[in-house]
Amino acid sequence: KAGVTQTPRYLIKTRGQQVTLSCSPISGHRSVSWYQQTPGQGLQFLFEYFSETQRNKGNFPGRFSGRQFSNSRSEMNVSTLELGDSALYLCASSSQGADTQYFGPGTRLTVL
Amino acid sequence: AQKITQTQPGMFVQEKEAVTLDCTYDTSDQSYGLFWYKQPSSGEMIFLIYQGSYDEQNATEGRYSLNFQKARKSANLVISASQLGDSAMYFCAMRPLIQGAQKLVFGQGTRLTINP
């Protein structure tokens, strides 16, 4: 079974731009969660989608948004990029009711 | 609120030795899950082992075992017979075992270096 995939793997953007990251979960998994990892703040939960609905949300500004499609693929969007948005963005998927989240390789975003 | 504390920023171990990575947690939830993940320099978080708060036996997965002491709120990861490929960041994480509660709370991590 293929693992979680994320595209692109690397992105360089400038302040004020917007960016869209994509995540394809493990086949059959309906829950997709997004995390931001920075050296200063560590790993922080952004949001979780299940059956195309945002089910949980972390403490991030409204510039961070996401969505999930009927095939469980998910995208996250960051608008009006700031230097502090430079981070590794990790996506994780899990099946309904299961305990374990499986992560993708991440997208490394650099904001200049 | 939940909190995970990993007090060892870095550890250095000789190859083939056993190593214990510390993790303590705090939660008001009655039922919760504890996880360990490995993150190599490539960035991907690799799931290692899971322990439910209701499990009476410590979890084991190959060379990994979880030393779960509920009364002390600790969930230490033990790696037996360490290998060079074990060099990575290791994160302890937890979440409540409530349907729909997918948010994982992570510790700050421990950087493990295996010396030949």
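The values are calculated or read from the model by the stated rules, or taken from the named source; none is laboratory data. Only a predicted model underlies this, so the values are computations on that prediction, with no experimental measurement involved. Cβ coordinates were reconstructed from backbone atoms using ideal geometry, including for glycine residues, and neighbour counts include every protein chain displayed.
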- Query: Any chance region B:22-31 includes a residue that's crowded, with 18+ Cβ neighbours inside 10 Å and more than 15 Å from the chain's Cα centre (by Cα)?
  - Reply: yes
- Note on the structure: Residues in region B:34-48 that are within 9 Å of chain A (Cβ to nearest Cβ) and either at positive phi or in a loop (DSSP other than H, G, I, E, B) (or both) total 4
- Residues in region A:56-90 that are more than 10 Å from chain B (Cβ to nearest Cβ), closer than 12 Å to A:Trp34 by Cβ and among the hydrophobic types (A, V, I, L, M, F, W, C): how many? 5
- Message: Go through region B:49-74 and report how many residues are closer than 14 Å to B:Tyr90 by Cβ and among the aliphatic types (A, V, I, L, M).
- Response: 2
- Query: Does B:Lys73 satisfy being among the basic types (Lys, Arg), in contact with a Phe, Trp or Tyr (Cβ under 7 Å, 6 or more places away or on another chain), within 14 Å of another protein chain (Cβ to nearest Cβ) and under 27 Å from A:Gln36 (Cα atoms)?
  - Reply: no
- Looking only at region B:94-112, which residues are polar (S, T, N, Q) and either at pLDDT 95 or above or surrounded by fewer than 20 Cβ atoms within 10 Å (Cβ to Cβ) (or both)? B:Gln99, B:Gln108, B:Thr110
- Identity of the residue in region A:1-32, within 13 Å of A:Gln96 (Cβ to Cβ) and not in a loop (DSSP other than H, G, I, E, B), that ends up nearest to the other protein chains (Cβ to nearest Cβ): A:Ser31
- Scan region B:49-106 for residues that are in a strand (DSSP E or B), out of contact with any Gly (no Cβ under 9 Å at 6 or more places or on another chain) and either of a type in the set (D, E, K, R) or within 29 Å of A:Gln54 (Cβ to Cβ) (or both) and jot them down. B:Glu61, B:Val105
- Query: Which one of these is surrounded by 19 or more Cβ atoms within 10 Å (Cβ to Cβ), out of contact with any His (no Cβ under 6 Å at 6 or more places or on another chain) and over 25 Å from B:Ala1 (Cα atoms): B:Ser87, B:Ser41, B:Ser82?
  - Reply: B:Ser82
- Note on the structure: For region B:61-79, the count of residues that are surrounded by 15 or more Cβ atoms within 10 Å (Cβ to Cβ), over 30 Å from A:Lys57 (Cα atoms) and not β-branched (Val, Ile, Thr) equals 3
- Message: Quick check on A:Ser74: is it over 14 Å from A:Thr5 (Cα atoms) and at pLDDT 95 or above?
- Response: no
- Task: Scan region B:18-34 and report the pairs whose first residue is acidic (Asp, Glu) and whose second residue is modelled with pLDDT of 95 or more and part of a loop (DSSP other than H, G, I, E, B), with Cβ atoms within less than 6 Å and a gap of 6+ or a chain change.
- Result: B:Asp22/B:Thr7; B:Asp22/B:Gln8
- Message: Among the residues of region B:1-18, what is the count of those that are in a loop (DSSP other than H, G, I, E, B) and among the aliphatic types (A, V, I, L, M)?
- Response: 2
